Amino acid sequence: MDMLRIVDDEPLAATADGSSQGADLSSDLGPEAAEALSSEAFQKLLQEVQASTSSEQQASKDFALVSPEPGFCVKTDMEHGGKVFINVCHSAQVPSPPSVSDEEISMAIANLDNSKFSIPMSAGGEHIEVDNAGKPCSVYDVIINSDVLTQLENRLGMRDFLLELVLSLLEAKHGLSLNREYKLMKRRKNMGSLQPQYCRVKKRKVAEVGRPMKLMEELEAEAEAGSDQPELAGETPRHRLTKEPEENPEFLILEVETPGLLRLHARPNVYFLHLDLPTPVIATEVSAQFNRRTATLTVVMPVAKSNS
C-alpha cells in the first residue's frame, strides 16, 4: 500500500498566483496522491493550518513570563473556613489601565463598576506557605501594573476597588468563595516567594475588551425575530416601589433587597424582577446605587412630565 508522508526538508514557496513551488511532489507520488494534494479540500486544510500557525505566533508575542515585585499582602479566609493570603504584586510589563479623570474613577469606585474603568491583572495558581503559627495556608499572587500601585495612596477608595476586582478574579478563576472582610498586612509585603507568571504584556484591542451595550431598538428587534439568548430567570427579590412625593410624584424610587450578592453583575440569574411602573419615567436620567453592607439596590427614576 502506498504511504504518503509530508517532509519539511524542502519547504514550498508561495508564488504570486497562490500556487507553490519547490519540491515537485507530483513527480514522486502516484496520480491519485497528486490529485489529492491539488484538491480544493487539501488546499483549504493547508490554509487553515497556516492561519492557525500565524495566530499562535501572534499570541506568543502578546504574552511573556513575568517575575513580579512585592507590593502589599492581605489576609482573608474562605466563606467555609480556611486562611488565605493574597500577594498583590506589580510589574511594569503588565499593561496599565486606561487614563481616567478623578471624577470617573470616583464614580466607578462608588458603584463598584469596572465596565468603564478596568485594571489589567494576572492571577497565578495556589501555592502553599507556612504562617507565623507554623500552619500551612493558601497563597495566591496577583500582578498589576506598577503605576497602579502608586495611585492607591492618592485616590480615595482605590485600594478597596482594586481588592474587590482581585477577589472577584480569584473567585472566577479558581472557583473560590472569599470573605470580603480582609486585613492589610502591615509588617510584610508578601507571604512566601512570589511566583513568576505567564502574563499578557500587550494591551488588548478595544474589540477584544468588549463592545457597547445594545440599544433598546436592537433588543426589541431581536425579541420580535426570536433571539437565541437564554431566558432570564431567578428568584423574585423583596422590593418596594414608592413615589416621591406621593401626590404628583417627581421620582419613583425602587429598593431591591438582594441577599447574598456582594456586588452587581456578580452572578447572573440569581434574582429576576419585572415591574409595570405606574407612570412613565425618563430612562436616560435613571440612576442606581448599590449598598454592599445591606445588599440593597436603590434605583431612582425621574417621572416624565405630561405635555398636556
Query raised in the report: Can you spot a residue in segment 269-289 that is at pLDDT below 80 and in a loop (DSSP other than H, G, I, E, B)?
Result: yes
Requested in this report: Sort out which residues of segment 141-189 are assigned to a strand (DSSP E or B) and hydrophobic (A, V, I, L, M, F, W, C), and write them in order of number.
Outcome: V142, I143, I144, L178, L184
Report summary line: Considering residues that are among the aliphatic types (A, V, I, L, M) and at pLDDT below 90, the number found within segment 131-147 is 1
Query raised in the report: Given segment 52-102, what strands (runs of 3 or more DSSP E) lie entirely inside it while holding 3 or more residues that are of a type in the set (V, I, T) and either modelled with pLDDT of 95 or more or surrounded by 15 or more Cβ atoms within 10 Å (Cβ to Cβ) (or both)?
Result: 83-91
Report task. Only residues in segment 155-177 that are buried (at least 18 other Cβ atoms within 10 Å of the Cβ) count as the first member; pair them with residues that are among the small types (G, A, S) and modelled with pLDDT of 85 or more, Cβ under 6 angstrom, at least 6 apart or cross-chain, and list the lot. Result -> L170/A123
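The values are calculated or read from the model by the stated rules, or taken from the named source; none is laboratory data. Bear in mind that the values here come from a model prediction, so they are computed numbers and not experimental data. When we count neighbours, we look across all protein chains shown, and the Cβ atoms used for this are built from the backbone with ideal geometry, even at glycine.
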